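One structure is given here, and the rest of the page talks about it.
The values are calculated or read from the model by the stated rules, or taken from the named source; none is laboratory data. Keep in mind that this is a model prediction, so the values were computed, not measured. We place every Cβ from the backbone using ideal geometry, glycine too, and count neighbours over all the protein chains shown.
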Amino acid sequence: MLGLTAGFGQEQTLSQLRVYGFQTEDDMVYLAITPQGLREILDAFEAVKTAVWCSADALSEAEFQNLERGNVTRFTYSLASADKATIQDALATIEDHHPGERVWIESVVFET
């Protein structure tokens, strides 16, 4: 399992997303890759009740510790320039914690 930090804490946009799974909007998890993407989802009304996961470089450890939201989980490593396998491992970790839920991922470009 990949390293992550969970608990209370705080270029591309969430309008460019990929979806995995087929559940209702009530069963959704967001994965933010960049600081801008994280800000966008945290500013969204539905994010108050939705699980949000983020890359280590989307939110510093100090910012995470000061974030007063219990629905944010922070990976301890960067996903910004991660390869496809690392993103898939991160999705597997999210699936372990949120089985069967749809995951919206801030868009990244993968080489095939």
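Worth a mention:
- Condition check for Ala58: crowded, with 20+ Cβ neighbours inside 10 Å and of a type outside the set (Ser, Thr, Tyr): yes
- Residue count for the range 61-112 under the criterion of being in a loop (DSSP other than H, G, I, E, B), out of contact with any Phe, Trp or Tyr (no Cβ under 7 Å at 6 or more places or on another chain) and of a type outside the set (D, E, K, R): the result is 15.
- Yes/no for Thr13 being crowded, with 16+ Cβ neighbours inside 10 Å, at pLDDT below 90 and either touching a His at 6+ places or on another chain (Cβ under 7 Å) or not aliphatic (A, V, I, L, M) (or both): no
- Neighbours by Cβ (under 6 Å, 6+ apart or cross-chain): first from the range 20-38, closer than 23 Å to Ala80 by Cβ; second at pLDDT 95 or above and of a type in the set (S, T, N, Q): Ile33/Ser55
- Unmet requirement for Gly37, which otherwise passes all of (1) among the small types (Gly, Ala, Ser); (2) in contact with a Lys or Arg (Cβ under 8 Å, 6 or more places away or on another chain); (3) at pLDDT below 95: (2)
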